[in-house]
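What follows is a single structure, written as structure tokens, with notes after it.
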Amino acid sequence: MNQRFLIDYDNPDAGIGHSMGIINRALKIATRNHLQFAYSESQLRKSNKTDWRWRIRQSLRMLRGKKSDETHNIGDDLNRMLNLKALLPSREELEKRIQNGELKVIDLPEFEIHIPSNQQADDEIYQSIDQFIHSHPGPNIAFRIRNNRFGDYEYASTRNWFRQAYQEARKCAPIPLVYDPKKLNIAVHIRRGDLLPGRQFSDLSSRMLPDAWYLEILDTVLSQSNKPVAIHLFSEGKDGQYHSENGNPFSWKEHFKQSPHEVHEHIDSDFLSAFHHLVHADILVGSKSGMSHLAGMLSDQCKLMPKMWHSYRGSNQLLELPDTQSSLDKTNIATFVKQCL
């Protein structure tokens, strides 16, 4: 029996992309070095507006004259998304064995994984860690990652593992789809919310793609379909309403009211349901976000994704697009979509 383990205590209260990058990094180290990754749900548990601990921290910030932080409001959704506790050894149980002296803990040296990851070579990134682990060949060891801020956002070697985890989690906790199987269901994920003017991360507003970019792509996709179409738009808004990249209210239903297409606006909807619909759309049009990136990696359907700082290597039926409307190649998009349909 393999008595060599990996434990990880990094848990940034971050968004989906950063949080999953931390888990992906640990899974790669464990897999490459034949270690058992001991998991705790605390690793993917994030802040939530209803969490009293988070609310107390924000109250203390305001008492010190600081502005309260915003939360991604993920809570325990990432644990429900993957249900990793059903697949991996328990870190809590491993910690008991460590306390009883059954296992020796060895801290891994710090290492760096730089963004962007589009050209990342895992054998180079993990070379020093692999060598360190191999230099400690004995049994009854728990290697520990501590205080390392670098996540791994390259999923080519782990995609199938995460896909299987997601599928197994849905067997235990199914998520219903609102898609009409008689229609071509297009999911459009538009990042707004925390990047809108006045929000905490508005300094990263360049990550928002303009509505015109999405409309250009949709017009091209719609021209290729011989089936009735249902457009499902997923986004965070303001006061329950969708807003453009300029912070102005915009109605997608109103825009398409003269067309024969159904339009459904899912604004500030439940994360798990929104993510599940992104993964299972007939065509996914994504955004520059960790949520879109992960959905693009896990989905087997047709995907039109903006080129970003993370790689899509390992995914299938995916076309990366430039992030400016003027650079979009409509002929290339039309050809790709036609091949998917």
(request) Please go through region 151-178 and pick out each residue that is within 13 Å of the chain's Cα centre (by Cα) and small (Gly, Ala, Ser). (result) Gly151
(request) Please tell me if Leu218 is open to solvent by less than 70 Å² (accessible area, probe 1.4 Å), aliphatic (A, V, I, L, M), at pLDDT 85 or above and in a helix (DSSP H, G or I). (result) yes
(request) Would you check which residues across region 83-132 are of a type in the set (Phe, Trp, Tyr), under 27 Å from the mean Cα position of the chain (by Cα) and modelled with pLDDT of 95 or more and list them? (result) Tyr126
(message) Could you go through region 47-59 and let me know if any residue there is modelled with pLDDT of 95 or more, polar (S, T, N, Q), in a loop (DSSP other than H, G, I, E, B) and surrounded by fewer than 19 Cβ atoms within 10 Å (Cβ to Cβ).
(response) no
(request) Go through region 65-111 residue by residue and tally those that are of a type in the set (S, T, N, Q), in a helix (DSSP H, G or I) and surrounded by fewer than 16 Cβ atoms within 10 Å (Cβ to Cβ). (result) 1
(request) Pull up region 264-289, narrow it to residues that are closer than 21 Å to Leu341 by Cα and not in a loop (DSSP other than H, G, I, E, B), then point me to the one that is most open to solvent (accessible area, probe 1.4 Å). (result) His280
(request) With the condition kept exactly as written, say whether any residue in region 22-39 is in contact with a Gly (Cβ under 6 Å, 6 or more places away or on another chain), open to solvent by less than 20 Å² (accessible area, probe 1.4 Å) and in a helix (DSSP H, G or I). (result) yes
(message) I need a count of the residues in region 304-326 that are at pLDDT 95 or above, over 19 Å from Asn160 (Cα atoms) and out of contact with any Pro (no Cβ under 8 Å at 6 or more places or on another chain).
(response) 3
(message) Which condition from (1) surrounded by fewer than 19 Cβ atoms within 10 Å (Cβ to Cβ); (2) part of a loop (DSSP other than H, G, I, E, B) is the one that Met62 breaks?
(response) (2)
(request) Residues being farther than 25 Å from Ala14 by Cβ and at pLDDT below 95: count how many of those fall in region 140-171. (result) 0
(message) Just the residues that are over 16 Å from Leu284 (Cα atoms) and buried (at least 20 other Cβ atoms within 10 Å of the Cβ), please, taken from region 222-252.
(response) Glu236, Tyr242, His243, Glu245, Trp252
(message) Quick test for you: out of Asn316, Asn332, pick the one residue that is free of Cβ contacts under 8 Å to residues at least 60 places away in the same chain and farther than 27 Å from Pro176 by Cα.
(response) Asn332
(request) Identify the residue in region 1-21 that is in a helix (DSSP H, G or I) and in contact with a Phe, Trp or Tyr (Cβ under 7 Å, 6 or more places away or on another chain) and, among all such residues, is farthest from Lys96 (Cα to Cα). (result) Gly17
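The values are calculated or read from the model by the stated rules, or taken from the named source; none is laboratory data. Just so it is clear, the structure is predicted and the values come from calculations on it, not from any experiment. So basically every Cβ, Gly included, is an ideal-geometry build from the backbone, and we count neighbours across all protein chains shown. Keep in mind that these areas ignore ligands, DNA and RNA; they rest on the heavy atoms of the full protein, side chains included. Shrake-Rupley method; radii C 1.70, N 1.55, O 1.52, S 1.80 Å.
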